[in-house]
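The values are calculated or read from the model by the stated rules, or taken from the named source; none is laboratory data. Because the structure is a prediction, the values reported are computed rather than measured. Neighbour counts are summed over all protein chains in view; Cβ atoms, including those assigned to glycine, are modelled from backbone coordinates with ideal geometry.
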Amino acid sequence: MELDLDKLCLNCMEFTIADGICTSCGFKRGFAKRRLRGLRPGAILHGRYLVGRMLGEGGFGITYIGLDLEQGRKVAIKEFMPANVAARSLSGIQVISKDRENFEYGLNRFYEEAKTIYKYRRHPNIIHIYKLFQENGTAYYVMEYLEGQDMQAYINQKGGKMEFLPLLQIVLPVMDALERVHQDHIIHRDISPDNIFVGSTVKLLDFGAARLAYGNQNRSLSVILKKGYAPAEQYYRHGRQGPWTDIYALSATMYKALTGVNIPEAPERLKDDRIQDIRTVQPEIPSYSADAIMKGLSVKAEARYSDIREFRCAFMGEKSPGGNKTNFDPVLRLYGVKGFYAGMSLTETEGLILGRSASECQLVFPKNAAGISRLHCGLFIDKEKQAMILQDMNSTYGTFLNGRKLEKGEAAEMKNGDRLSIGNGQVFEIEF
């Protein structure tokens, strides 16, 4: 892709420099100063990503605006740059560790965060990561550049609090995102207004505190929390954490958004709980939603909702799943990796058949598709066995699961992230 970098503004990454000034943001070329800890503007990472101005910095990392030189698109680039244990070399590029042990520990945490987010790169309400790599003595990940603002800025823009209906448009997508990560026994542990992005699409950000948690309640979890949003169990290394932990934080986020008031810290509430019922501050909130928020804010974890589905039903005034709820109620997602359906996705709640028959298949291939039978294979949700099943339908050229060819008519259980291959280079990734 041919890019005219002479016109590129390192402040906004638009190709709008004319006579040394950006017509989009007013930036003057030649005035791109870097902060002491940051990369110099104009640096190239991984032979592909051009670094622009610094967007933000924290104790563990720095985020920059950038440009993917291959795709020609804006990106955000996060660099692992811990403030107390690393420094920048005189070149303005290389990172030098001052405490190797703590640097390596933090680097591993940085990688964990990136891998967690990358796993959900196709979820519309979770920030997307494109690339993770090591360079310059540290690590980076490249993610989508979001146009908009975080929820805290949005609340401030509205005068410090917001109405109920606009809040719904923000929190329901967040609930969808949390339900998805909770399926893998991952809890976010840092839900707050500044980790929810409000733009053309609502996005859940910052999985730096996320942990594989409630699959093993005996393991110790690090004490990472945000005052006013973290429940009591998050203050202790062996506190029992799970979906109810994120439910508390999301309830606190809604309470702050609707009232403009931060709730007291959880340890204070354990001693003397003086939290004001949300209805006394915002009486127009539906009673069932107010009840759900206050229950979600229960100091004791066992008094809260146990999962997001139950919480969402109560919040929306819908009938609780109750006895009909099962632990296995997935949605099957099929993503095209290579072939006719590359880059596309298909979502099913029961199952689907792949093949060339337009009348019998839900995913239809052209009649001249090499190696694809009329009825080639099927993907099915078996709720009784609590399993996802791939079955070859006596195809001529075979169905392949992670490279293994199934026997004719064979049914095999699938796992999240498995790859299905059929025909001449038709490859799909499975998610549920």
Matching residues, segment 1-24, being at pLDDT below 90 and surrounded by 12 or more Cβ atoms within 10 Å (Cβ to Cβ): LEU3, LEU5
Would you call TYR140 surrounded by fewer than 17 Cβ atoms within 10 Å (Cβ to Cβ), at pLDDT 85 or above and among the hydroxyl-bearing types (Ser, Thr, Tyr)? no
Just one of ARG189, ARG219 is at pLDDT below 90, crowded, with 19+ Cβ neighbours inside 10 Å and of a type outside the set (Phe, Trp, Tyr); which is it? ARG189
Considering (1) in a helix (DSSP H, G or I); (2) touching a strand residue (DSSP E or B) at 6+ places or on another chain (Cβ under 8 Å); (3) within 13 Å of VAL198 (Cα to Cα), say which one ARG180 fails and leave the rest. (3)
Test SER306 against the criterion of being modelled with pLDDT under 85, surrounded by fewer than 15 Cβ atoms within 10 Å (Cβ to Cβ) and small (Gly, Ala, Ser), and give yes or no. no
Unique match (being outside any loop (DSSP other than H, G, I, E, B), in the same structural domain as HIS238 (by TED's automatic domain parsing), free of Cβ contacts under 8 Å to residues at least 24 places away in the same chain and over 20 Å from GLU163 (Cβ atoms)) among GLU318, GLU310: GLU310
State all residues of segment 358-367 that are closer than 15 Å to ILE422 by Cα, without any contact (Cβ under 8 Å) to a residue 40 or more places away in the chain and in a loop (DSSP other than H, G, I, E, B); if no residue qualifies, say none. CYS361, PRO366, LYS367
Looking at segment 331-350, which of its residues are among the hydroxyl-bearing types (Ser, Thr, Tyr) and not in a loop (DSSP other than H, G, I, E, B)? TYR335, SER345, THR347
Pick from ASP418, ASP382, ASP392: which is outside the structural domain of ASP184 (by TED's automatic domain parsing), among the charged types (D, E, K, R) and closer than 20 Å to LYS119 by Cα? ASP418
Boolean, ILE263 is in contact with a Leu (Cβ under 9 Å, 6 or more places away or on another chain), assigned to a loop (DSSP other than H, G, I, E, B) and without any contact (Cβ under 8 Å) to a residue 24 or more places away in the chain: no
Test result for PHE103, in contact (Cβ under 8 Å) with a residue 24 or more places away in the chain and among the hydrophobic types (A, V, I, L, M, F, W, C): no
How about segment 358-389: which of its residues are modelled with pLDDT under 90, of a type in the set (S, T, N, Q) and surrounded by 14 or more Cβ atoms within 10 Å (Cβ to Cβ)? GLN362
Considering ASP176, ASP184, ASP194, which residue is touching a helix residue (DSSP H, G or I) at 6+ places or on another chain (Cβ under 7 Å) and surrounded by fewer than 20 Cβ atoms within 10 Å (Cβ to Cβ)? ASP194
Just checking, does segment 129-140 include any residue being in a loop (DSSP other than H, G, I, E, B) and assigned by TED's automatic domain parsing to the domain that holds ALA83? yes
If you go through segment 106-124, how many residues are under 10 Å from the mean Cα position of the chain (by Cα), part of a helix (DSSP H, G or I) and among the hydroxyl-bearing types (Ser, Thr, Tyr)? 2
Can you tell me which residue is modelled with the lowest pLDDT among those in segment 315-330 that are surrounded by 12 or more Cβ atoms within 10 Å (Cβ to Cβ) and of a type outside the set (S, T, N, Q)? LYS325
